[in-house]
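Have a look at the structure below, then the notes.
The values are calculated or read from the model by the stated rules, or taken from the named source; none is laboratory data. Bear in mind that the values here come from a model prediction, so they are computed numbers and not experimental data. Heads up, the Cβs are rebuilt from the backbone with ideal geometry, glycines too, and the neighbour counts pull from every protein chain shown. What goes into the accessible areas is simple: the full protein's heavy atoms, side chains included, and nothing from ligands, DNA or RNA. Shrake-Rupley method; radii C 1.70, N 1.55, O 1.52, S 1.80 Å.
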Amino acid sequence: MRLYDGGRAPNPRRTRIFLAEKGIKLPLEPVDLGAMQHKSPAYAAVNPLMRVPALVLDDGTVITESIAICRYFEALQPEPVLFGRGAPEMARIEMWNRRLELHLLFPISHVFRNSHPAMKEMEVPQVPAWAEANKPRIAEFITLLDRELKDRPFAAGDAFSVADITGLVAVDFMKPAKLAVPDELVNLKRWHAAIAARPSAAA
Ligand SMILES: N[C@@H](CCC(=O)N[C@@H](CS)C(=O)NCC(=O)O)C(=O)O
């Protein structure tokens, strides 16, 4: 089994953090996005979508999509549980993971990809207006998230979950996108600091 990895890019990072939380070590195959290695014929043969991460099982099965890879390992090794136990908790974690993807990670990614000069080759065409359009959406969502985090320690409730991993990666991705969490969002900042202090965050 091997995991095609993409260094500091957010989706490979959330898969690595998930594996670190589970204590699972895998051989990593680095894919240099800066050198456009993910567009090489060799990598396109692994993942025709030319995106990372990608997991290749011993029988040759390829699993892409970071959350699909995380779910594979949750099924293989349930402890520590990161997708929840029982219907209500599982649904709440799914809901928050999706909200953090759709309303935070993806809009931040749109800002980064459509405004950063280093992304010119990867995001064709770059649409600066789309980067600008996403900024107020991000601001609105982090304000909502801050309110939500007032009364609970983690994104989906009392337990750390995959939703916190998506949230951590998203908030950290604000820096290269030249975005910042306003100081008054103290609940969000407290939550982010707690997740960032976990050893897995260094993965
Ligand atoms: N939905 C996919 C997204 C994968 C993705 O877009 N990965 C980025 C790195 S974070 C990538 O490979 N980008 C290369 C490109 O856009 O050409 C997932 O969750 O894994």
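Structural remarks
- Divide the volume of the convex hull around the Cα atoms of segment 95-203 by the residue count and you get 100 Å³ per residue.
- Exposed-site-free run, longest, the chain (rule: trypsin sites (Lys or Arg not before Pro); DSSP loop; at most 15 other C-beta within 10 Å): 26-84
- Highest-fluctuation residue, ALA133, ALA193, ALA87 considered, GNM on the chain with Cα pairs under 10 Å: ALA87
- Note on exposure: VAL124, VAL162, VAL186 ranked by accessible area (1.4 Å probe, complete protein assembly) read VAL124, VAL186, VAL162, with the most exposed listed first.
- Each residue of segment 87-102 is assigned a 3J(HN,Hα), and the resulting list reads 4, x, 5, 4, 5, 5, 5, 4, 4, 6, 4, 5, 4, 5, 6, 6 Hz, derived from the Karplus form 6.51 cos²θ - 1.76 cosθ + 1.60 (θ = phi - 60°), x at Gly and Pro.
- Legend: translational diffusion of segment 37-144 by Stokes-Einstein, Rh = Kirkwood radius over C-alpha pairs, 10 °C, 1.306 mPa s; D = 96 µm²/s.
- Rounded to the nearest 20 debye, dipole of segment 1-66 from Cβ charges on Lys, Arg, Asp, Glu: 260
- When the chain is described by a simple charge dipole with +1 on each Lys and Arg Cβ and -1 on each Asp and Glu Cβ, the residue from MET36, VAL81, PRO182 located farthest towards its positive end is PRO182.
- The charge dipole of the chain, taken about the Cα centre with unit charges on the Cβ atoms of Lys, Arg (+1) and Asp, Glu (-1), comes to about 280 debye, rounded to the nearest 20.
- Proximity of backbone amide H atoms, modeled 1.01 Å from N, is registered between ASP5 and GLU29, VAL31 at under 5 Å, excluding neighbours fewer than 5 places apart on the same chain.
- Using only side-chain charges placed at the Cβ, +1 for Lys and Arg and -1 for Asp and Glu, the dipole size of segment 126-203 relative to its Cα centre rounds to 140 debye.
- A dipole drawn for segment 29-179 from +1 and -1 charges on Cβ atoms has a positive end, and of ALA91, THR64, ALA139 the residue lying farthest that way is ALA139.
- Couplings 3J(HN,Hα) of segment 164-178, computed from phi: 5, 5, 4, x, 4, 4, 5, 4, 5, 6, 5, 4, x, 7, 6 Hz, in residue order, whole Hz [Karplus 6.51 cos²θ - 1.76 cosθ + 1.60, θ = phi - 60°; x for Gly and Pro].
- To the nearest 10, the accessible area of ILE67 is 30 Å² with a 1.4 Å probe.
- Over all Cα atoms in segment 1-80, the spread is summed up by Rg and Dmax: 12.1, 37 Å.
- Couplings 3J(HN,Hα) of segment 2-15, computed from phi: 8, 10, 6, 10, x, x, 7, 4, x, 5, x, 5, 5, 5 Hz, in residue order, whole Hz [Karplus 6.51 cos²θ - 1.76 cosθ + 1.60, θ = phi - 60°; x for Gly and Pro].
- Volume per residue for the chain equals 117 cubic angstrom (convex hull of Cα atoms).
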